[in-house]
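Contents: one structure, followed by commentary.
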Amino acid sequence: MKSLILMISLLFSASVNSGSFIFAGEANGVGIVAHPQGYTGAGGTLNISVCIDPASTVTTSLETSVTNVVHTWNQLLVTSPNLFLGANNNIGGSQFDWESVALHEVGHCIGLAHPNLGSQTGVTGANTNYTNSTDGVDNGFDFGFGGDGIRGSNDDVRDDDINLHWYNTGVNNPFIVSPPYDSSNYSMVLADLPGGHNYPANADRTVGSALGFTNTEAVMQQGTFNDEGQRNLGADDVSTLRLAMSGVDMVQGNADDYTIKLFYGGITAGCDINILHHPIGGLAFCQAGGAFVGGSNISITTASIEINSGTNWFFNNTGDLIFANGFE
Amino acid sequence: MKNSTLTLIVLTACFPVIASNDESSIVLIRTIHALAVDDNKLIIKSSKTGDVELKFPQSHQLYGYTVKTKDFEKSKALYSKLGDINYDWSHEKLKYKLAVVKKNLNHPLFYSSDRDLIELKLKEQGKIKWQISLNNLQELKRYYSYLGQWQVLVDLIVEMESLSLIDIDKVKKESQK
């Protein structure tokens with residue numbers, strides 16, 4: 001009988017790493033920071049409703065997972081390890097975990113992009129593990145995995161590819177976290193990298209293993225496997241969102257800072273983030289609209305998620321062990 | 001995991017079988033980047049004779065099944081659109097068209113995490129007559145009304161994908177007969 005193992009560890013260090021934001025790129029600007037719905041540049045609490053569209057092919061089966069996803073993003077706790085495979089989860093061998101995918105898609109719908117290249121045009125296979133970037137002035141991605149042979153690590157050679165990944169200037173390690181989460185600790189500029197580093201590292205599991213963090217990966221990393229549970233956030237997920245929460249001035253601790261509070265709105269339409277579970281061609285996606293709110297900051301204006309009902313899903317019916325009693 | 005070939009005959013309209021070159025086909029391949037598994041492709045083939053063949057990625061409930069159906073009505077609708085396809089069209093020209101559309105509009109910013117690679121191929125006599133690939137289907141849907149003659153491309157892709165949205169339970173029951 002499989003058991004769900006939940007371990008939480010907080011690692012304190014002098015440095016923290018972060019990720020990437022949606023809308024950032026050559027079209028809108030590489031330095032774009034995306035914020036959840038409702039952020040206007042003024043501080044406060046953003047209350048964001050997450051609902052299950054009643055047109056979904058199944059609805060009540062999704063409620064536990066959606067509630068768990070809401071709790072997980074609200075708590076912003078760093079978990080390592082956060083990948084639970086095979087006998088360490090409650091998922092069937094050929095199944096894909098609905099809650100893990102929903103956690104990832106909600107991350108997109110509150111502003112987070114993939115820390116890795118993922119599905120950029122022309123990038124396939126192992127090269128999708130390189131750190132998120134534009135393809136540069138030569139309009140072609142440049143790949144060199146450096147001496148360690150690991151794509152996405154700090155010794156990668158990327159020529160003119162413009163980095164889109166916020167990293168901590170002290171250590172460039174996406175698996176450790178420490179405040180303040182703002183521009184005093186974060187940069188996208190390669191000149192701010194530690195000595196000997198070529199490129200920002202991303203929170204890919206292979207990079208993590210090399211840095212001593214086994215079975216750990218950013219939730220926002222693109223790529224899901226069958227029989228894999230990833231229902232808790234990594235350091236990179238937490239620090240990226242917290243970086244955005246430092247506000248338009250990217251200085252933590254002043255008036256434009258905000259916190260987010262997701263809440264489950266039920267099986268209904270018209271919420272801030274609507275989840276529609278129904279037949280589609282792909283696996284799942286988030287779709288969002290946005291508007292500039294000052295400088296390089298974009299606030300999401302609309303958001304929705306569609307998840308393929310034809311997939312061989314596992315629907316988790318176990319509430320968060322720690323948060324089920326309203327810890328938040 | 002099932003590993004069988006199921007032939008599911010679904011006659012949706014009474015069309016006479018038109019003698020035609022059965023090596024003419026439209027093929028759509030969606031590579032699902034969110035899947036970090038070996039078999040991450042949805043493959044849909046529609047022949048001029050109405051034959052439809054579907055192969056699903058590893059994530060799908062019908063993975064391992066090769067589903068064959070017959071749908072004269074949809075086949076006719078699909079092939080009727082081919083007359084509006086410009087065989088000079090390419091990924092670069094589509095990219096340029098969309099850039100012009102977006103530049104001229106004052107629309108809110110748009111983001112979609114669906115960046116799956118979609119390849120559409122037209123085959124005749126078994127050879128590729130024309131093909132195009134794109135990874136921004138949701139964006140094309142968003143700006144559909146501004147695409148002009150390119151709308152037929154989105155129509156074709158949407159229609160082809162709809163062929164894969166079949167009754168899963170029915171297929172499984174048929175396979176047990």
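In region A:61-118, what residues are of a type in the set (D, E, K, R) and within 14 Å of chain B (Cβ to nearest Cβ)?
Scanning region A:61-118 gives A:Asp97, A:Glu105.
What residue, of A:Asn127, A:Asn139, is without any contact (Cβ under 8 Å) to a residue 40 or more places away in the chain, within 14 Å of chain B (Cβ to nearest Cβ) and part of a loop (DSSP other than H, G, I, E, B)?
Unique residue meeting the criteria: A:Asn139.
Go through the residues of region A:224-236 one by one and say whether even a single one is in a helix (DSSP H, G or I) and modelled with pLDDT of 95 or more.
Yes: region A:224-236 contains one or more residues that are in a helix (DSSP H, G or I) and modelled with pLDDT of 95 or more.
When the residues of region A:237-254 are narrowed to those that are small (Gly, Ala, Ser) and farther than 13 Å from A:Gly107 by Cα, which ends up surrounded by the fewest Cβ atoms within 10 Å (Cβ to Cβ)?
My answer is A:Gly253.
Yes or no, residue by residue, for (1) aliphatic (A, V, I, L, M); (2) touching a helix residue (DSSP H, G or I) at 6+ places or on another chain (Cβ under 9 Å); (3) on the phi < 0 side of the Ramachandran plot; (4) without any contact (Cβ under 8 Å) to a residue 40 or more places away in the chain:
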residue	(1), (2), (3), (4)
A:Ala42	yes, no, yes, no
A:Asn47	no, no, yes, no
A:Asp53	no, no, yes, no
A:Thr60	no, no, yes, no
A:Glu63	no, no, yes, no
A:Val66	yes, yes, yes, no
A:Val70	yes, yes, yes, no
A:Trp73	no, yes, yes, no
A:Leu76	yes, yes, no, no
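Looking only at region A:213-262, how many residues end up being more than 30 Å from A:Gln95 (Cβ to Cβ) and not aliphatic (A, V, I, L, M)?
So the answer is 13.
Please specify each residue of region A:44-84 satisfying the condition of being of a type in the set (A, V, I, L, M), part of a loop (DSSP other than H, G, I, E, B) and over 30 Å from A:Pro179 (Cβ atoms).
Residues satisfying the conditions are A:Ala55, A:Val58.
Report whether or not A:Thr72 is at pLDDT 95 or above, over 14 Å from A:Gly266 (Cβ atoms) and either more than 24 Å from the chain's Cα centre (by Cα) or among the basic types (Lys, Arg) (or both).
No: the conditions fail for A:Thr72.
Only one residue in A:Asp155, A:Asp148 is touching a His at 6+ places or on another chain (Cβ under 8 Å) and either charged (D, E, K, R) or in a loop (DSSP other than H, G, I, E, B) (or both), so which one is that?
Among A:Asp155, A:Asp148, only A:Asp155 is touching a His at 6+ places or on another chain (Cβ under 8 Å) and either charged (D, E, K, R) or in a loop (DSSP other than H, G, I, E, B) (or both).
Checking the conditions here, which among A:Thr302, A:Thr318 is within 14 Å of chain B (Cβ to nearest Cβ) and either at pLDDT below 95 or not in a loop (DSSP other than H, G, I, E, B) (or both)?
Going through A:Thr302, A:Thr318 in turn, the sole match is A:Thr302.
One residue is enough: does region B:111-120 have a residue meeting the conditions surrounded by fewer than 17 Cβ atoms within 10 Å (Cβ to Cβ), of a type outside the set (A, V, I, L, M, F, W, C), at negative phi and at the interface with another protein chain (Cβ under 9 Å from one of its Cβ atoms)?
Among the residues of region B:111-120, not one is surrounded by fewer than 17 Cβ atoms within 10 Å (Cβ to Cβ), of a type outside the set (A, V, I, L, M, F, W, C), at negative phi and at the interface with another protein chain (Cβ under 9 Å from one of its Cβ atoms), which makes the answer no.
Exactly one of these conditions fails for A:Val207: (1) closer than 24 Å to A:Gly107 by Cα; (2) of a type outside the set (Ser, Thr, Tyr); (3) assigned to a loop (DSSP other than H, G, I, E, B). Give me its number.
With (1) closer than 24 Å to A:Gly107 by Cα; (2) of a type outside the set (Ser, Thr, Tyr); (3) assigned to a loop (DSSP other than H, G, I, E, B) applied to A:Val207, the lone miss is (3).
Quick check on this structure: which one of A:Pro174, A:Pro179, A:Pro200 is assigned to a loop (DSSP other than H, G, I, E, B) and at pLDDT below 95?
A:Pro179
Applying the selection to region A:130-149, what residues are crowded, with 21+ Cβ neighbours inside 10 Å and either touching a helix residue (DSSP H, G or I) at 6+ places or on another chain (Cβ under 7 Å) or hydrophobic (A, V, I, L, M, F, W, C) (or both)?
Those that are crowded, with 21+ Cβ neighbours inside 10 Å and either touching a helix residue (DSSP H, G or I) at 6+ places or on another chain (Cβ under 7 Å) or hydrophobic (A, V, I, L, M, F, W, C) (or both): none in region A:130-149.
Do we find that A:Ala244 is among the small types (Gly, Ala, Ser), within 14 Å of chain B (Cβ to nearest Cβ) and touching a strand residue (DSSP E or B) at 6+ places or on another chain (Cβ under 7 Å) in this structure?
no
In region B:145-177, what count of residues is obtained for those that are more than 14 Å from every other protein chain (Cβ to nearest Cβ) and either more than 23 Å from A:Asn312 (Cα to Cα) or modelled with pLDDT of 95 or more (or both)?
10
Could you pull out the residue among A:Ile267, A:Ile275, A:Ile280, A:Ile298 that is buried (at least 19 other Cβ atoms within 10 Å of the Cβ), touching a Leu at 6+ places or on another chain (Cβ under 9 Å) and more than 23 Å from B:Arg30 (Cβ to Cβ)?
Only one candidate passes the filter, namely A:Ile298.
Could you please let me know if A:Ala87 is outside any loop (DSSP other than H, G, I, E, B) and surrounded by fewer than 21 Cβ atoms within 10 Å (Cβ to Cβ)?
The answer is yes for A:Ala87.
The values are calculated or read from the model by the stated rules, or taken from the named source; none is laboratory data. What you see is a predicted model, and the numbers here were worked out from it, not measured in a lab. Note: ideal-geometry Cβ built from the backbone for every residue, glycine included; neighbour counts use all protein chains shown.
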